[in-house]
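Report on one structure; see the data block that follows.
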């Protein structure tokens, strides 16, 4: 997310383009979570996974997008935090007051997003983790990088351990050698991965109207958007990596193009090979729970930041020498907050029962058909809006609330120039 409207210079352009790529990519996977029962997001065979087109879409998203673009978005959150803190200090404002005011307001937006619209809110989580990340803002880039690397290892280790244990448990069950305790433990772990007709009907009923969604959110627990467990470690590590990337000049376009090409080829190449291997492994085991879940989050977390950095390098390369697509992507990045929330609003209108009514009625590949037109909409509206206004609509609200006064919204009309409608 970013509330800043200054775009002077290549540095800011590179940040905005990267953020734009991230927020567009995130919708490619979020649309699945908006369209069908929650568990299907984490375990595809749970719902809407019957056709080859569904599996091919999963394969494409799994290898190229899922987790990687969220990681890139988290990295950019850390970079944007440093940018705004630096500007606050340069303007003579308190860095911590500026930052924590922004995070408190963002947390409020995120909580309302979760309560009123969608269980998959990440804003509340970002705000909470961002409050912790600020503690590290004075550290050097190298120190931030080392801490983030240690965080990734800390996050990935337990996941790999429990995934290995889960596969061993599954193989015992399949071979008929599992003890009663092992069998019961396996059943306990997997029982929610295969929702029956009643569970699907109840979940669908919770998405008929916004009031029914609110009741379901309350029943689930109002602490849900805060309680993301070990993901705190990964998100904090990614934000620190973004802070390091900002301070080192990597994310601000200060490296030479040859270094960016090297990072892009290496990072994306390692990610493609790794994720393609996990995808094939899961597919060849017919998406059995321990293999599919392990591919998603057991052995792959260390690949996510590597591939995200490759994408960041590629985005910086796209930011220079510029052009129409670059300007459009940068505008999407400058209105990332509005675009993120806008995607949820569109998803609610398409899938909730009071409007489109397609929730739990479409497969994975059918739900994804919404993505290209929404991408085009992001690219179409963001730049013309910013030609007329200083901020995206939600960016303006965020900035105004964080600063305690209304910020100038419409750009000043040039003297003697035509009025902007």
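Things worth noting here:
- Residue within the stretch 368-391 that is outside any helix (DSSP H, G or I), surrounded by fewer than 21 Cβ atoms within 10 Å (Cβ to Cβ), at pLDDT below 95 and out of contact with any strand residue (DSSP E or B) (no Cβ under 8 Å at 6 or more places or on another chain) present: no
- Cβ-Cβ under 7 Å pairs, at least 6 apart or on other chains, the stretch 312-333 side over 19 Å from residue 393 (Cα atoms), far side modelled with pLDDT under 90 and outside any helix (DSSP H, G or I): 326/319
- So residue 111, is it part of a helix (DSSP H, G or I) and either closer than 26 Å to residue 325 by Cα or touching a strand residue (DSSP E or B) at 6+ places or on another chain (Cβ under 6 Å) (or both): no
- Residue within the stretch 160-174 that is in a helix (DSSP H, G or I), within 20 Å of the chain's Cα centre (by Cα) and without any contact (Cβ under 8 Å) to a residue 60 or more places away in the chain present: no
- The one condition from (1) under 26 Å from residue 225 (Cα atoms); (2) modelled with pLDDT under 95; (3) assigned to a helix (DSSP H, G or I) that residue 120 does not meet is (3).
- Residue among 69, 83, 56 that is buried (at least 24 other Cβ atoms within 10 Å of the Cβ) and outside any loop (DSSP other than H, G, I, E, B): 69
- Considering only residues in the stretch 349-361 that are assigned to a loop (DSSP other than H, G, I, E, B) and in contact with a helix residue (DSSP H, G or I) (Cβ under 6 Å, 6 or more places away or on another chain), the one that is surrounded by the most Cβ atoms within 10 Å (Cβ to Cβ) turns out to be 359.
- Candidate set: the stretch 142-153, residues that are surrounded by fewer than 16 Cβ atoms within 10 Å (Cβ to Cβ) and over 21 Å from the mean Cα position of the chain (by Cα); chosen: the one farthest from residue 83 (Cα to Cα): 150
- Filter result (free of Cβ contacts under 8 Å to residues at least 60 places away in the same chain, in contact with a helix residue (DSSP H, G or I) (Cβ under 9 Å, 6 or more places away or on another chain) and not in a loop (DSSP other than H, G, I, E, B)) within the stretch 237-264: 259, 260, 261, 262, 263, 264
- Any hit, the stretch 271-284, residues being outside any helix (DSSP H, G or I) and crowded, with 23+ Cβ neighbours inside 10 Å: no
- Screening 254, 220, 202 for residues that are under 30 Å from residue 142 (Cβ atoms), modelled with pLDDT under 95, surrounded by fewer than 16 Cβ atoms within 10 Å (Cβ to Cβ) and over 17 Å from the mean Cα position of the chain (by Cα) leaves exactly one candidate, 254.
- For the stretch 295-341, a residue qualifies if it is in a loop (DSSP other than H, G, I, E, B) and closer than 18 Å to residue 249 by Cα, and the qualifying residues are 319, 320, 321.
- Test result for residue 36, over 29 Å from residue 102 (Cβ atoms), at pLDDT below 95 and buried (at least 22 other Cβ atoms within 10 Å of the Cβ): yes
- Whichever residue in the stretch 111-135 is closer than 16 Å to residue 242 by Cβ and surrounded by 18 or more Cβ atoms within 10 Å (Cβ to Cβ) and, among such residues, is farthest from the chain's Cα centre (by Cα): 134
- Filter pass, residue 344 being in contact (Cβ under 8 Å) with a residue 60 or more places away in the chain, touching a helix residue (DSSP H, G or I) at 6+ places or on another chain (Cβ under 8 Å), more than 28 Å from residue 124 (Cα to Cα) and assigned to a helix (DSSP H, G or I): no
- For the stretch 40-62, the criterion of a residue being without any contact (Cβ under 8 Å) to a residue 12 or more places away in the chain and over 18 Å from residue 204 (Cβ atoms) is satisfied by at least one position.
The values are calculated or read from the model by the stated rules, or taken from the named source; none is laboratory data. Computed from a predicted model, the values in this text were never measured in an experiment. Positions of Cβ are generated from backbone atoms using ideal geometry, with glycine treated the same way; all protein chains shown enter the neighbour counts.
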